[in-house]
Amino acid sequence: MSQIILNRRRLLLGSAALGSSVALSGCNQFDFLGQRGNPVRQAMEQANVLTYHAQRALIGDQVLAREYSESEIRQGMKPNGSTEPTTAEYSFLRMQDFAPYRLTIKGMVEREVSFSLEELRNMPARTQITRHDCVEGWSCIAKWTGTPLGPVLDAAGVKPEARYCVYHCFDNIQRTLSGDIFYYESSDLVDAYHPQTLLAYGLNDQVLPVSNGAPVRLRIERALGYKQPKYLHTIELVDDLTPFGRGRGGYWPDNGYDWYGGI
Amino acid sequence: MTHNGEGLEQKSKGPLVYRQSIWTRLTHWTWAICLFFLLLSGLQIFNAHPALYIGQQSGFEFDNAVLRIGAVNTPEGPRGQTTVFGQTFDTTGVLGMSGSAEAPQYTGFPGAVTIPSFRDLATGRVVHFFFGWIFVAALFIWFLASVINGHLRRDIIPKGQDIAGLPADMADHARFRFQHRRRYSPLQKLSYFTVFFVLFPLIVLTGLTMSPGMNATAPWLLDLFGGRQTARTIHFAVMVLLVLFFIVHVIMVVLAGPLNELRSMITGWYRTSPGTAAEQGDRP
């Protein structure tokens, strides 16, 4: 009996020593979790996959994000990320007030289609006052006007094998020695067909400004800010996200952020 | 309290009682690990935007901030500053600016208390949500087990006699005179009850309130907490309370006899104070 107690005591002392050494040594021990592709990190990332499936199961596909009253618009929409794309293509369009702009829907569709800004503005419009939640932690309420994405996708005829929309953008978010990296994002078809998912061309009763994504940005209202790509030019329907960027479905997901983004 | 006629050994020791079930012990250590990682990854996430607000949104053109941590340039060079409810404090070395003079670090909380130690919001979020799921799963398992095995009713929910015994228990604690009884003391019950039924639910629900997806399906959470940014502020405040709880908890374990207290949370067996009446199932 005394032998057992002695062993237990050793066990207790040992575990106390271990615990305090972990607590005292600061946290650079866990810096390895920052390595993209580290197997422990990859295992932890599966929690985000669980969150995605849990939220898809729990939240109805058509359930709306909260819409606010006019009085909640207390400030301009804070611009973030790219605020002034510098590519020749975008500068050319901007100089002409986006008259030659066309939004293209391609990939796994019955017919590739493209629409001018004028054509998009003449489609049934929706206006919503919603809260934009940045992954950094801040929120900003603004009024968005645009045409719902769902009917535009239907105009192209989405093939049954398509599973995702990839949103290609004009902005060179990152310049590297091997060339520009352009912003892109993607969503499943639930988010693409959600009634509040807009091709937005208006902000707070004005034409969408360049700093907020002119001429067209996407609004996916049940997700974080990085899922709302600005400077949108092409929507590609695909069944696989791996061929794009570094294969994780978006510029920020390629940099280690969760793909789903509904948190 | 003196028991004449009893042997010396029985006087110096009460019986060894089986105090903590396997469910209590497993979930306790699971939470200890989870809260360690949740705290340090949470501070990493906070550092991405080291300000807290009241309301639905963050004021950029109006001021609804209740906490702001940052670095400012002064004639004497850069300084770390923290503003709480309009009061500004110089927090150089700890908040807003830390590290050495040669390599200053301009982050809200210093890298010594974040995971990773460098600025990496993406990784902080991966770690936070992973341990968030485990934390909630352990809470669910603990609650089910504690309802079934009676731990909740017997040890956690304070009763009339606990309230009545509170002043005496507070006086005992103030004099560092700890009774090792078979069951938790009134103060213990009250603090664990607060953690389980106030702090843990609050931190989970305010966390969920920050999710745009959850906002869509449960907009009542936004109303309950007064907006997403208020929920974020409450999430932070509850974190501070849980850190305070942790500090007091560890101090109490050390003062009350760390080996006995740790043993009860590892093996389940707890040495009671002399004079505790023995019951069936106890060990000498």
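Every number in this text was worked out from the coordinates using simple rules, so none of it is lab data. Note that the coordinates shown come from a computational prediction; the quantities given were computed from them, not determined experimentally. Because the Cβ atoms are built from the backbone with ideal geometry, glycine has one as well, and the counts that use them run over all protein chains shown.
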For this session: Would you work out which of A:A214, A:Q196, A:W252 lies farthest towards the positive end of the dipole of chain A, given +1 charges on the beta-carbon of Lys and Arg and -1 on that of Asp and Glu, about the Cα centre?
Result: A:W252
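Remind me, relative contact order of region B:51-108 in percent, using alpha carbon pairs under 8 angstrom and six or more residues apart?
Relative contact order for region B:51-108 comes out at 24 percent.
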Seminar exercise, completed: Residue by residue through region A:152-167, the couplings from Karplus 6.51 cos²θ - 1.76 cosθ + 1.60 with θ = phi - 60°, in Hz, x for Gly and Pro, are 5, 5, 5, 4, 8, x, 6, 6, x, 7, 5, 10, 9, 9, 9, 9
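Grab the beta carbon distance between B:L199 and A:E70, set R0 = 35 Å, and tell me the FRET efficiency rounded to 0.05. Numbers along the way, then the final one.
Numbers: r = 37 Å, r/R0 = 1.06.
Efficiency, rounded to the nearest 0.05: 0.40.
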Exercise. Which whole number gives the average, over all residues in B:156-166, of C-beta atoms from other chains lying within 10 Å of the residue C-beta?
Worked result: 0
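To the nearest whole number, what is the average tally of beta carbon atoms from other chains within 10 Å of the beta carbons of peptide B:252-262?
Details: counts 0, 0, 0, 0, 0, 0, 3, 5, 1, 1, 8.
The mean count of partner-chain Cβ atoms within 10 Å per residue comes to 2.
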For this session: Report the label-to-label distance for A:V190 and B:R175 in nanometres (one decimal), using points 7 Å from each Cα along the Cα→Cβ vector.
Result: 6.1 nm
For this session: Considering the convex hull of the alpha carbon atoms of chain B, report its projected area averaged over all viewing directions, in nm², one decimal.
Result: 19.9 nm²
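Expressed as a rounded percentage, what relative contact order does chain A have, with Cα pairs under 8 Å and six or more residues apart? Can you show the working numbers first?
Values: 448 pairs, mean separation 53.1, N = 263.
Dividing the mean separation by the residue count of chain A yields 20 percent.
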Problem set entry | B:Q161-A:D31 pseudo-label distance in nm [points 7 Å out on the Cα-to-Cβ vector] | 5.6 nm
Exercise. Say the dipole of the protein assembly as shown comes from +1 at the beta carbon of Lys and Arg and -1 at that of Asp and Glu; which of A:Y183, B:I156, A:Q75 then lies farthest toward its positive end?
Worked result: B:I156
Exercise. Dipole of region B:71-164, Cα-centred, from +1 at each Lys and Arg C-beta and -1 at each Asp and Glu C-beta, to the nearest 20 debye?
Worked result: 440 debye
Exercise. How large is ³J(HN,Hα), in whole Hz, for each residue of region B:229-245 in order, when computed from phi with the Karplus curve 6.51 cos²θ - 1.76 cosθ + 1.60 and θ = phi - 60°, using x for Gly and Pro?
Worked result: 6, 5, 4, 5, 5, 5, 3, 5, 4, 5, 4, 4, 5, 5, 5, 4, 4
Exercise. In whole Å, how far is the Cα centre of region B:139-158 from that of region B:56-75?
Worked result: 43 Å
Problem set entry | Amide hydrogen neighbours beyond the local backbone of A:V135, cut-off 5 Å, H modeled | A:G225, A:Y226
Exercise. Toward the positive end of the charge dipole of region B:98-164, about the Cα centre and with charges on Cβ (Lys, Arg +1; Asp, Glu -1), which of B:V127, B:W142, B:A101 goes farthest?
Worked result: B:W142
For this session: Any chance you could check the Cα centroid distance between region A:229-251 and region A:89-143 for me, in angstrom?
Result: 16 Å
Exercise. Just for chain A, what percent of DSSP beta bridges are antiparallel, to the closest 5?
Worked result: 90 percent
For this session: Let me know the charge dipole size of region B:39-121 about its Cα centre in debye, to the nearest 20, where only the beta-carbon of Lys, Arg (+1) and Asp, Glu (-1) is charged.
Result: 120 debye
For this session: Evaluate the distance, in nm, between pseudo-label points positioned 7 Å from the Cα of A:S114 and of B:S100 along their respective Cα→Cβ axes.
Result: 5.7 nm
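Dipole size in debye (nearest 20) for region A:66-254 around its Cα centre, Lys and Arg Cβ +1, Asp and Glu Cβ -1?
Values: 21 positive and 25 negative charges, 57 e Å.
So the dipole magnitude of region A:66-254 works out to roughly 280 debye.
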For this session: With θ set to phi - 60°, apply the Karplus curve 6.51 cos²θ - 1.76 cosθ + 1.60 along region A:231-239 and write out the HN-Hα couplings as whole Hz, x wherever there is a Gly or Pro.
Result: 6, 6, 10, 9, 10, 10, 8, 9, 10
Problem set entry | Mean Cα-pair separation over length for region B:1-116, i.e. relative contact order, pairs under 8 Å, 6 or more apart, % | 19 percent
Seminar exercise, completed: Counting only residues 5 or more apart in sequence or on a different chain, those whose built amide H sits under 5 Å from that of B:L67 are B:L52, B:F85
Problem set entry | Spatial separation of Cα centroids for region A:171-193 and region B:219-284, in angstrom | 46 Å
Problem set entry | Spherically averaged projected area in nm², based on the convex hull that wraps the Cα atoms of region B:51-108 | 4.4 nm²
